[in-house]
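Below: the structure, in structure tokens.
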Amino acid sequence: MDAITAEGLVKIYKSRKNEVRALDGVDLTVPEGTVLGLLGPNGAGKTTAVRILATLLKPDSGRATIAGFDLARQPDDIRRVIGLSGQYAAVDENLTGSENLWLFGRLYQLSSAEATRRATELLEQFDLVDAADRVVKTYSGGMRRRLDLGSALIGRPRLLFLDEPTTGLDPRSRIGMWDVIRGLVAEGVTLLLTTQYLEEADELADRIVVIDHGKIIAGGTADELKSAVGGERIEVVAHDRDAIPRAKEILSRDCAGDVTVDEHTRRLTAPTSAGAGALVQVVRDFDEAGIRIDDIALRRPTLDDVFLALTGHAAEEETLTDEASTRSAA
Amino acid sequence: MTARTTSAPSGSVGSAVTDGILVGWRNLKRIPRIPELAIFAILQSIMFVLLFVFVFGGAINVPGDYTSFLMPGIFAQTIVFAAGTTAIGMTDDINKGIVDRFRSLPMSRSAVLTGRTFSDVIYNAGILVVLMLTGFVVGWRVDDIPSLIAGFALLLFFAYGMVWLGVWLGLNVPTVEVGQQVIFTVLFPITFISNVFVPLESLPEWLQPIAEWNPTSTLTAALREMWGNGAPPPTNSLASTEPALVTIVWVLVFIVVFGPLGVRRYRSMSR
Ligand SMILES: Nc1ncnc2c1ncn2[C@@H]1O[C@H](COP(=O)(O)OP(=O)(O)OP(=O)(O)O)[C@@H](O)[C@H]1O
Ligand SMILES: [Mg+2]
């Protein structure tokens with residue numbers, strides 16, 4: 001069964017001066033027990049999508065079901081099975097960590113004893129035991145973030161919305177948070193996660209949807225997206241600027257496509273379909289021609305490449321996929 | 001995995017009451033954590049007492065003792081400002097994302113507002129007790145205990161009306177700073193164009209009817225009458241002959257107008 005289905009979600013923010021189409025016809029499906037990563041640049045509409053699906057905001061048009069409940073007609077039922085951790089930590093600064101968790105547990109309709117028990121569990125899980133009885137005002141940003149995620153988990157939701165859960169966390173806390181999230185997913189929680197970190201989507205998401213200007217511009221597994229942006233590439237950094245024209249010649253002979261040259265960094269990039277074989281050939285030919293190189297590598301596209309290519313901020317226009325070019329035409 | 005108990009589902013009366021109390025508990029819990037807020041609310045009122053008793057008091061002619069005349073007005077003014085405290089609390093909760101957190105939980109929809117109004121009336125009761133004790137110290141007296149209790153109850157009822165005004169205001173201003181500006185520019189004139197500090201007869205004639213019907217004035221007049229605190233002889237206007245009654249009507253108007261407006265605004269937050 002699908003935990004989330006959404007069709008044609010549109011959200012327009014109207015102000016006196018202008019209108020922003022924050023979501024412009026978004027369709028999503030998230031099968032139960034899977035993780036969907038929602039990726040997009042600033043202002044793409046990620047938060048808006050999360051707020052709509054978590055019942056905080058009404059879409060101007062479109063429909064959605066969450067855990068089988070209709071978004072428009074059964075918001076109360078939806079709130080009983082979801083947990084939300086928004087982009088900015090929403091915990092009470094003047095309550096202690098444990099008071100926050102207890103309060104949200106009670107309001108999730110847990111009994112007082114159960115809320116206390118859950119609060120203790122979560123404080124342990126998120127490494128906040130020592131700070132449990134301190135007011136949140138004294139917490140660091142990362143501690144607040146963890147408490148906020150704990151608050152979202154208080155009622156053991158089946159479906160979790162996390163809006164940039166690791167923004168502002170140090171690398172260790174981020175990896176710790178990933179472990180927590182993986183643990184939840186292992187227990188069968190369905191997760192919709194937004195992020196700016198492509199590495200994070202790569203690590204956690206089963207499927208990734210890239211959104212920009214309120215529209216979905218690509219979707220698939222991380223691998224599918226990467227291969228859509230282009231296959232492997234050979235990157236060479238020539239030692240001497242003078243050698244660049246000859247290096248370019250060799251690369252275009254040994255590789256399958258256009259060679260891009262960055263004169264500044266003396267870096268040449270060429271797509272290839274022959275993988276390591278092509279790399280060996282290139283090294284051999286460079287050696288024969290007596291061209292000194294500083295660095296050579298076979299590079300697979302990262303999600304960063306996907307992101308830059310799809311959202312149109314890429315330097316290399318030729319790596320734009322069909323999907324991305326339809327966007328720039330739109 | 002069924003951690004949820006079989007307690008009342010959201011939307012039921014049981015959960016509306018429990019959730020409202022929980023939200024109110026949370027609001028009250030915050031007060032000692034930011035003591036400056038309560039302390040300055042009290043100091044502001046005390047400062048008014050000192051200013052008017054010692055600086056302007058000599059120049060103001062009232063029947064009887066000026067301190068006795070002034071104190072009921074100070075209580076009334078303090079309670080009018082209850083709207084401000086509520087508005088700021090409400091705006092702050094929205095901007096800090098707490099209201100969104102509440103809205104994402106399976107709790108009673110009305111609890112955020114009922115909890116807020118309930119905790120803020122209790123908060124104002126606390127402020128009033130401190131002010132009344134201060135009043136006793138500077139020589140304010142009342143006729144008897146039952147009238148003191150009746151007056152206190154009227155003040156709290158008035159606070160309830162003001163708190164609903166505050167809820168509506170708080171839901172409509174974008175930031176706490178704007179809220180403070182609005183309160184300053186709206187509430188200050190309301191408390192000054194009244195009988196709080198001076199007898200109505202000393203105001204310009206055209207202003208007198210406005211000042212007389214001002215809820216701050218009717219509340220103050222009602223308290224002076226109840227407590228024997230130098231109430232001036234009544235004029236032939238209803239606001240002056242039946243100030244308590246008029247005050248109660250005022251409060252009902254506040255609740256009937258700003259209650260539904262606030263609830264509607266709260267519901268439309270999802271637009
Ligand atoms: N309350 C609002 N009123 C008006 N416009 C808004 C409002 N909230 C968001 N927007 C606009 O809608 C668009 C989408 O915003 P949204 O917050 O969903 O983006 P986002 O993808 O979460 O961005 P970020 O990565 O910066 O968090 C933006 O252009 C933003 O300016
Ligand atoms: Mg966002």
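Per the 1.4 Å probe, what fraction of the accessible area of the protein assembly as shown, in percent, lies on carbon and sulfur atoms? Write out the running numbers ahead of the final one.
Details: 15720 of 26980 Å².
Carbon with sulfur: 58 percent of the solvent-accessible area.
Which residue, B:155, B:256, B:228, has the largest displacement toward the positive end of the dipole of the stretch B:144-271 when charges sit on each Cβ (Lys, Arg +1; Asp, Glu -1)?
Of the candidates, B:256 comes out farthest on the positive side.
Enumerate the aspartates and glutamates that residue A:17 could reach by cross-link, defined here as Cα to Cα under 18 Å, with residues fewer than 8 away along the same chain left out.
none
Among DSSP beta bridges whose residues both lie in chain A, state the antiparallel percentage, nearest 5. Write out the running numbers ahead of the final one.
On the way: 37 of 55 bridges.
Of all bridge pairs located within chain A, approximately 65 percent are antiparallel.
Just going by the charge dipole of the stretch B:13-269, with Lys and Arg at +1 and Asp and Glu at -1 on Cβ, which of B:128, B:50, B:145 is farthest out on the positive end?
Checked the options; the winner is B:128.
So what is the 222 nm mean residue ellipticity for chain A from helices alone, if each DSSP H run of at least 4 adds -39500 (n - 2.57) and you divide by all residues, rounding to the nearest 500 deg cm²/dmol? Provide the component values of the computation, followed by the final result.
On the way: 12 runs with 123 residues, N = 330.
So the helix-based figure for chain A works out to -11000 deg cm²/dmol.
Mean-square fluctuation check for chain A, GNM, Cα pairs under 10 Å: which of A:158, A:117, A:207 is largest?
A:117
Under 8 Å for C-alpha pairs, at least 6 residues apart: give me the relative contact order for the stretch B:154-271, rounded to a whole percent. Could you put the intermediate results ahead of the total?
Values: 98 pairs, mean separation 43.7, N = 118.
Relative contact order, the stretch B:154-271: 37 percent.
Would you compute, from DSSP H runs of 4+ residues alone, the mean residue ellipticity of chain B at 222 nm, taking -39500 (n - 2.57) per run and dividing by the full residue count, rounded to the nearest 500?
Working: 12 runs with 189 residues, N = 271.
For chain B, the value works out to -23000 deg cm²/dmol.
For labels at residue A:294 and residue A:112 in the simple 7 Å Cα→Cβ model, what's the distance in nm?
Placing both labels 7 Å beyond Cα along the Cβ direction yields 6.9 nm.
How big is chain A by the Kirkwood estimate over distinct Cα pairs, in Å? Don't skip to the end; give the middle numbers.
On the way: mean 1/r = 0.0450 Å⁻¹.
This gives a value of 22.2 Å.
Can you give the accessible area buried between chains A and B, summed over both chains, with a 1.4 Å probe, in Å² to the nearest 100? Working shown, then result.
Details: alone 16520 and 13780 Å², together 26980 Å².
So the buried area, both faces added, is about 3300 Å².
Just in the stretch A:222-296: which trypsin sites (Lys or Arg not before Pro) are loop by DSSP and have at most 14 other Cβ atoms within 10 Å? Intermediate values should be presented prior to the final figure.
Working: sites: A:226, A:233, A:241, A:246, A:248, A:253, A:266, A:267, A:284, A:292; in loops: A:266, A:292.
Those satisfying the criteria are A:292.
Leaving out ligands and nucleic acids, note down the accessible area per residue over the stretch B:13-269 with a 1.4 angstrom probe, in whole Å². Let's see the in-between values first.
Numbers: 11000 Å² over 257 residues.
Heavy-atom SASA per residue in the stretch B:13-269 reads 43 Å².
In whole angstrom, and with the biggest value first, how far do the Cα coordinates of the protein assembly as shown range along each principal axis?
113, 56, 46
Looking at the stretch A:117-220, which GluC sites (Glu not before Pro) are DSSP coil and have at most 12 other C-beta atoms within 10 Å of their C-beta?
Values: sites: A:121, A:124, A:187, A:199, A:200, A:203; in loops: A:187.
Taking the stretch A:117-220 and a limit of 12 other Cβ atoms within 10 Å, the loop GluC sites (Glu not before Pro) found are A:187.
State, in angstrom, two size descriptors of the stretch B:36-142 derived from its alpha carbons: Rg to one decimal place and Dmax to the nearest whole number.
Computed over the Cα atoms of the stretch B:36-142, radius of gyration and Dmax are 18.0, 59 Å.
Working from Cα positions, state the angle (0 to 90°, nearest 10) between the long axis of helix B:35-50 and the longest principal axis of chain B.
So the inclination is approximately 10 degrees.
List, by residue number, every residue in the stretch A:21-62 with a reduction of 20 Å² or greater in accessible area between the chain on its own and the complete protein assembly, 1.4 Å probe.
Residues passing the criterion (a loss of at least 20 Å², heavy atoms only) are A:51, A:56, A:57, A:58.
Just tell me which aspartates and glutamates come within less than 12 Å, Cα to Cα, of residue A:14; anything on the same chain fewer than 8 places away is out.
Cross-link targets: A:60.
So for the pair residue A:14, residue B:31, with labels modelled 7 Å out along Cα→Cβ, what separation do we get in nm?
4.2 nm
Over the stretch B:13-269, what lengths in whole Å, largest first, do the semi-axes of the equivalent ellipsoid take, defined as the square roots of 5 times the eigenvalues of the alpha-carbon gyration tensor?
Numbers: eigenvalues 221, 68, 58 Å².
Result for the stretch B:13-269: semi-axes of 33, 18, 17 Å.
Over chain A, calculate the relative contact order: mean separation of alpha carbon pairs under 8 Å at least 6 apart, over the residue count, as a percent.
Details: 631 pairs, mean separation 60.1, N = 330.
Across chain A, relative contact order equals 18 percent.
Using a Gaussian network model of chain B whose springs link C-alpha atoms within less than 10 Å, name the residue from B:162, B:226, B:47 with the highest mean-square fluctuation.
B:47
So how compact is the stretch A:193-243: Cα radius of gyration and Dmax in angstrom?
Every Cα atom of the stretch A:193-243 included, Rg and Dmax give 15.8, 48 Å.
Roll a 1.4 Å probe over the protein chains and send me the accessible area per residue for chain A in Å².
Values: 14900 Å² over 330 residues.
I get 45 Å² per residue for chain A.
Mind jotting down the distance between the C-alpha centroids of the stretch B:66-81 and the stretch A:44-112, whole Å?
44 Å
Anything losing 40 Å² or more of accessible area from the isolated chain to the full protein assembly: pick those residues out of the stretch A:153-201, probe 1.4 Å, ligands and DNA/RNA ignored.
Residues shielded by partner chains are A:156.
As an exercise, find the ratio Rg/Rh for the stretch B:140-252 from alpha-carbon atoms, using the Kirkwood inverse-distance average for Rh.
Working: Rg = 15.3 Å, Rh = 15.1 Å.
Checking Rg against Rh, the ratio lands at 1.01.
Within straight cross-link reach of residue B:96, meaning Cα distance under 18 Å, which aspartates and glutamates are found once same-chain residues fewer than 8 apart are removed?
Once the sequence-local aspartates and glutamates are set aside, what remains near residue B:96 is A:92, A:93, A:99, A:148, A:163, A:164, B:177.
Relative contact order (percent) for the stretch B:13-269, with alpha-carbon contacts under 8 angstrom and 6 or more residues of separation? Before the final figure, lay out the partial values.
Details: 319 pairs, mean separation 72.5, N = 257.
Rounded, it is 28 percent for the stretch B:13-269.
Just the projected area, averaged over all directions, of the convex hull on the alpha carbon atoms of the stretch B:228-271: how many nm²? Working shown, then result.
Details: hull surface 17.4 nm².
Taking the Cα atoms of the stretch B:228-271, their convex hull projects to 4.4 nm² on average.
Once the dipole of chain B is set up with Lys and Arg at +1 and Asp and Glu at -1 on Cβ about the Cα centre, which of B:186, B:210, B:86 lies farthest towards its positive end?
Of the options given, the answer is B:86.
Cα-based Rg (one decimal) and Dmax (whole number) for the stretch B:111-152, in Å?
Rg, Dmax (Cα atoms, Å): 13.5, 42.
The values are calculated or read from the model by the stated rules, or taken from the named source; none is laboratory data. Keep in mind it's a predicted model, so treat the numbers as computed, not measured. When we count neighbours, we look across all protein chains shown, and the Cβ atoms used for this are built from the backbone with ideal geometry, even at glycine. Quick note on the areas: whole protein, heavy atoms, side chains included, nothing else; ligands and nucleic acids left out. Shrake-Rupley method; radii C 1.70, N 1.55, O 1.52, S 1.80 Å.
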